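Notes for the one structure printed next.
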Amino acid sequence: LIDQPRPFEINPAVGLIDEYGRGMPSNHAQATVIIFGILAYHLKKSWGWVVAVIIALLVGFSRIYLGVHFPGQVLVGWGIAIVLLIIYIFFVEQIEAWLMERSLVQHLTLATIIGAAIITLLGTNGDIVAATAVLWALWCGVALLKALNISFYNTDGTLWQKRSEE
């Protein structure tokens, strides 16, 4: 099911760019829905959702136009992303509250277990390992800042107060 070819692998004439890896699902289509959906959710403006949908549609159609995905691969990417986005929207507050109660050691352990699971499930492709390493380092850094009670970013105050002091 996942090990599907890309259009340019079947007919080299349709591919405008080269991609590696298999075609199912479209990770670009999936990531676009998730990233812009989360941004729209936190923006809390209806036009944010409109922009998110337009960008997701354009990215999905571009993947088909470039010959790197079949329409079904893009649709599956969108579908997976929509399910993950709905889960995020309904459970983000509970997950954040639960994570805030965890200790530094628990965060480091969770980050390591989840990172290992990602690599185990998705493979040792260089991009997957690099992205997982960035996720792990970011999680560990934020957990360390929390444990040391250090805050480098404060959103309180007016726009003029948010300017960096030079």
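Summary table below
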item: Any pair with Cβ under 6 angstrom, 6 or more apart, that starts in the stretch 109-133 at a residue that is in contact (Cβ under 8 Å) with a residue 60 or more places away in the chain and ends at one that is assigned to a helix (DSSP H, G or I) and of a type in the set (A, V, I, L, M, F, W, C); result: none
item: Flag if Gly67 is closer than 30 Å to Ser26 by Cβ and more than 20 Å from the chain's Cα centre (by Cα); result: yes
item: Number of positions in the stretch 30-67 that are open to solvent by 20 Å² or more (accessible area, probe 1.4 Å) and of a type in the set (Lys, Arg); result: 2
item: Residues within the stretch 9-29 that are open to solvent by less than 30 Å² (accessible area, probe 1.4 Å), modelled with pLDDT under 75 and either of a type in the set (A, V, I, L, M, F, W, C) or out of contact with any Phe, Trp or Tyr (no Cβ under 9 Å at 6 or more places or on another chain) (or both), tallied; result: 0
item: Residue tally, condition polar (S, T, N, Q) and over 23 Å from Pro12 (Cα atoms), over the stretch 33-78; result: 1
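A quick yes/no check of all residues on (1) part of a helix (DSSP H, G or I); (2) closer than 22 Å to His42 by Cβ; (3) open to solvent by less than 60 Å² (accessible area, probe 1.4 Å); (4) at pLDDT 95 or above:
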position: Trp98; (1), (2), (3), (4): yes, yes, no, no
position: Ile113; (1), (2), (3), (4): yes, no, no, yes
position: Thr120; (1), (2), (3), (4): yes, no, no, no
position: Thr124; (1), (2), (3), (4): no, no, no, no
position: Ile128; (1), (2), (3), (4): yes, no, yes, no
position: Thr132; (1), (2), (3), (4): yes, no, yes, no
position: Leu135; (1), (2), (3), (4): yes, yes, no, no
position: Cys140; (1), (2), (3), (4): yes, no, yes, no
position: Leu144; (1), (2), (3), (4): yes, no, no, no
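The values are calculated or read from the model by the stated rules, or taken from the named source; none is laboratory data. Bear in mind the structure is a predicted one, so any value in this text is a computation, not a measurement. Glycine gets a Cβ as well: all are built from the backbone with ideal geometry, and neighbour counts include every protein chain shown. Side chains are part of the model used for accessible areas, which takes the heavy atoms of the whole protein and leaves out ligands, DNA and RNA. Shrake-Rupley method; radii C 1.70, N 1.55, O 1.52, S 1.80 Å.
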